[in-house]
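As structure tokens, the structure follows; a few thoughts come after it.
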Amino acid sequence: MSGDAPRKISRRALLKGVGTAGAAAVGAQAGLLGDAATPALEAAQQPPSAPGRDVREHLTAAEADTLDAIVARIIPTDERGPGAREAQAGRYIDRALGGALADSRQAYTAGLAAVDAYARSSRRGPFHQLSAADQDSLLTEVERGTAAGFAGGGSAAFFEMVRAHTIQGMFGDPYYGGNANFVGWDLIGYPGIRTSVTAADQRMNPPPVRIHKSAYDYDMFTKAASASLNGAGSSWRLV
């Protein structure tokens, strides 16, 4: 690839790697996701107005604007289906910052501010108001570690953290705030959580009927037990 071309992994490659059983295992894919969009899709991907967004619990409005725009470019909406914006991956991250991801709160505060400051200095506007093409090129620089103004491990470390959490919010159990309306599971053809699997289900022919239920809709899983995992420093594994 040329040195200046944005590095992307197609959504098709990502979903092939995920498979129907990979809702918790997609984190091994690297890079900025998404195929080159058509002009019509690019127009559709322009950031929506903030008033339609859920009220966030831990992020400020400015931080939420920046984060929502970032996750929307990491897993963008395209002709194959909805992306991280529709899955509410930003909401997932916001909620988790009050529990399982509490140790990452300061990294998000500093990193989101650095993304926006870099956007203003290099593209003359806040990140969430840039065109999709400018957002992609800027995030490519962040991913490569060439964006200025990032502390700690630099911009690349921040990108990898947000990318991993975006994937969790796209494909994890909807109970945690992401994968809204099960759009992530539907996208990869994951038929849903089952407490028992028949021989026909295992053959996948015909494909199993999709079950749109959280793990916590089953009696064997309890929300009380889940709540105990939301404390800072807890080990937290998404279904």
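Read-outs throughout are calculated quantities, based only on the coordinates presented, and are distinct from any laboratory measurement. All values derive from a computational prediction rather than experimental measurement. Cβ: placed from backbone, ideal geometry, glycine included. Neighbour counts: every protein chain shown.
Take the Cα of ALA156, step 7 Å toward its Cβ, do the same at ALA110, and the gap between the two points is 1.8 nm.
If I stretch the segment between ARG80 and ASP134 completely, what's the gain in nm (0.36 nm per residue apart, minus their alpha carbon distance), one decimal? Write out the running numbers ahead of the final one.
Values: separation 54, 0.36 × 54 = 19.44 nm, distance 2.24 nm.
Full-extension gain reported as 17.2 nm.
If R0 equals 22 Å, the separation of the Cβ atoms of ASP103 and ALA62 corresponds to a calculated FRET efficiency of about 0.50. Compared with the direct C-alpha span, the chain from ASP219 to ASP201 gains 4.3 nm at full extension, assuming 0.36 nm per residue. Distance between the pseudo-spin-label points of SER121 and ILE211 (7 Å out from Cα toward the beta carbon): 5.2 nm. Computed about the Cα centre, the dipole magnitude for the range 131-212 is approximately 380 debye when only Lys and Arg (+1) and Asp and Glu (-1) carry charge, each at its Cβ.
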